[in-house]
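Okay, so here's the structure we're looking at.
What follows draws every value from the coordinates through simple rules; no lab data is involved. As the structure is a computational prediction, the values presented were derived from the model and not from experiment. Cβ atoms come from the backbone with ideal geometry, glycine included; neighbour counts cover every protein chain shown.
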Amino acid sequence: MLELSILLPAILNGLTTGAIYALIALGLTLIYGVLHIINFAHGSLLMLALYGVFFLHSLFGIDPYLALPIAAAALFAVGYGLQRLIIGHASHGKDENILLVTLGLSVIIENLALYLWRSDTRTIDTPYSFEVVDFGVAFIPVPKVIAFFGALLVAALLWLLMARTDLGRAIRALAKERQGAKLVGINVEHIFAMSFGIGCACLGVAACLLLPSFYVSPQVGHAFVLVAFTVVVLGGMGSFVGALLGGLIIGVTESLGGLFLGESLGQLGIFLIFIIVLLFRPTGLLGQRA
């Protein structure tokens, strides 16, 4: 039986990791909630965001946290453009076409990154990379603490956007009834692109919060996208609160799984709890039946 002095730090570490998982999954949740498709290019776009933040730091000396508005705006523009100029036109209104297009984009982006930057793993050094915060029961690295509260803040802002703004109401109307939204004058193509752009902007924020304590390589998206898909389904497809809760649960499960089973087997617990939840609640924790 593990002592609390070992267990509590593992839980705190899992919560900080889970918040990042939730932030990445929030973008997927928004895209699914409106477009009703899974974005297979999500991991590749996260990788692009990480490279962007890396080069802003290495070439221009911009701190990752100060680069947050730049990265978020850039990824929003990339997402908006991809949906408006490529995905929307190539899909011809068929969801299966969108899946194939996003899968193709993922392959293209990843191989382009391999060609331009090779497969080398890159990191950055900041003055606070190895500083820690004493929580009494554990010492948590400063970047992880900032990432945790930053992810919660972004989740809250996204909820406010959806609940309190005209854009959020238009997005929710389109998610509920596409044809009805078009009949009342909502620009469907624009709202689709805005939703995709906001989902990608979440990746820009996640990249800024991740890079001080993580690395970047052309394959780095693989480390997050499968977990993000799991978080989305676990929390409930289209539920923002569910994605946040699911991310925290997955983060803690992964941390405790690594503690009990070893780091190489730590993710077994993720898929075990995922299967258990779906067996007893197929719609996810906070999902609703169609």
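Determine which residues of the stretch 12-55 fall in the zone a paramagnetic label at L100 would reach in this model, i.e. backbone nitrogen under 18 Å from the point 7 Å along Cα→Cβ. Taking a point 7 Å out along Cα→Cβ of L100, the residues of the stretch 12-55 whose backbone N falls under 18 Å are 37-41.
Between A156 and F55, full extension at 0.36 nm per residue minus the direct alpha carbon distance yields a gain of 33.5 nm. Exposure here means at most 12 other Cβ atoms within 10 Å; with GluC sites (Glu not before Pro) in a DSSP loop as sites, the longest stretch of the chain lacking them is 4-130.
Taking the Cα centre of the chain as the origin, how large is its charge dipole in debye, to the nearest 20, when only Lys and Arg (+1) and Asp and Glu (-1) carry charge on their Cβ atoms?
Taking the Cα centre of the chain as origin, the dipole is about 940 debye.
Model label points for V137 and V184, set 7 angstrom from Cα along the Cα-to-Cβ axis, are 4.6 nm apart. Here T29, T17 are placed in order of increasing Cβ neighbour count within 10 Å, fewest first, which gives T17, T29. Could you work out how far helix 95-117 tilts from the main Cα principal axis of the chain, as a 0 to 90 degree angle to the nearest 10? Helix 95-117 and the main axis of the chain meet at about 50 degrees.
Measuring between their Cα centroids, the stretch 43-69 and the stretch 190-264 lie 18 Å from each other. Across the alpha-carbon set of the stretch 4-280, the Rg to Rh ratio works out to 0.97, Rh being the Kirkwood radius. Going from the fewest other Cβ atoms within 10 Å to the most, the residues T102, T283, T123 appear in the order T123, T283, T102.
In degrees, nearest 10, range 0 to 90: what is the angle between the Cα axis of helix 166-176 and the longest Cα principal axis of the chain? The answer is roughly 80 degrees.
Proximity of backbone amide H atoms, modeled 1.01 Å from N, is registered between V132 and V142 at under 5 Å, excluding neighbours fewer than 5 places apart on the same chain. Over all other residues within a Cβ to Cβ distance under 14 Å of V220, the charged ones net out to 0, with Lys and Arg as +1 and Asp and Glu as -1. Let's test the formula: R0 of 22 Å, r as the Cβ-Cβ distance of R281 and R172. What FRET efficiency results, to the nearest 0.05? Calculated transfer efficiency: 0.40.
Taking 0.36 nm per residue of separation and subtracting the current Cα-Cα distance, fully stretching the chain between T123 and H36 would add 27.8 nm. Note on A73 and A90: their simple-model spin labels are 2.8 nm apart, each label 7 Å out from Cα toward Cβ.
Taking L35, L105, L157 as the candidate residues, the one with maximal mean-square fluctuation in a Gaussian network model of the chain, Cα springs under 10 Å, is L157.
Against the main long axis of the alpha-carbon atoms of the chain, helix 188-210 sits at an angle near 10°. Projected over all directions and averaged, the alpha-carbon convex hull of the stretch 109-232 occupies 10.8 nm².
Residue order for I171, I276, I24, I109, fewest other beta carbons within 10 angstrom first, comes to I276, I109, I171, I24.
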